[in-house]
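The values are calculated or read from the model by the stated rules, or taken from the named source; none is laboratory data. Source: prediction; values computed, not measured. Note that we place each Cβ from the backbone using ideal geometry, even for glycine, and neighbour counts take in every protein chain shown. Just so you know, the surface numbers come from the protein's heavy atoms only, side chains and all, with ligands and any DNA or RNA stripped out. Shrake-Rupley method; radii C 1.70, N 1.55, O 1.52, S 1.80 Å.
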Amino acid sequence: MIEEFIKNFKIAGGEVLDTIPKDFYQVKAEFAVAENGAVWILDYTKELFLSENVIAILDKNKIFNTMHDVMDLINSPGVFISGPSKTADVESFLVFGAHGPKRFAIFFKS
């Protein structure tokens, strides 16, 4: 499952880091979903969306296969994040991080 999560997270533009850089805003991920490479963030602030570099700290034992597997774990407001947003105008000018961080990374804790 962890390999599937990492693959899909990277497809979405996310990074997996071995250390937490000083200039990254840190947030705890409650769990992750392998099928789409997304993490569930419960306790978030505006800094999650305004910071250019964000790293989510995730317990690698809290990765689930599908969205159906986690539906019962969601009992209060939160957000799923899978990587930096991307948008392109009519001239196909691609912008990363238009609606959130330019870099979104995961740090696995044991």
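List of remarks:
- Rounded to the nearest Hz, the phi-derived 3J(HN,Hα) couplings of the stretch 46-59 under the Karplus curve 6.51 cos²θ - 1.76 cosθ + 1.60 (θ = phi - 60°) are 4, 4, 4, 9, 9, 6, 6, 10, 10, 10, 9, 9, 10, 6, where x marks glycine and proline.
- Put simply, when 58-64, 103-109 are sorted by average Cβ atoms within 10 angstrom per residue, most first, you get 103-109, 58-64.
- Estimated 222 nm signal from helices in the chain, with DSSP H stretches of n ≥ 4 weighted -39500 (n - 2.57), rounded to 500: -4000 deg cm²/dmol
- Dimensions of the stretch 15-77 along the principal axes, based on C-alpha atoms and rounded to the nearest Å, stand at 34, 25, 16, largest first.
- Portion, in percent, of the accessible area of the chain that falls on carbon or sulfur, probe 1.4 Å: 53
- If you sort Glu3, Glu15 by accessible surface, 1.4 Å probe, largest first, the order is Glu3, Glu15.
- In order along the stretch 12-20, the phi-based Karplus estimate (6.51 cos²θ - 1.76 cosθ + 1.60, θ = phi - 60°) of 3J(HN,Hα) comes to 6, x, x, 10, 10, 10, 8, 9, 9 Hz; Gly and Pro are listed as x.
- Stokes-Einstein D (µm²/s) once Rh is taken as the Kirkwood radius of the chain over alpha-carbon pairs, at 37 °C in 0.692 mPa s: 233
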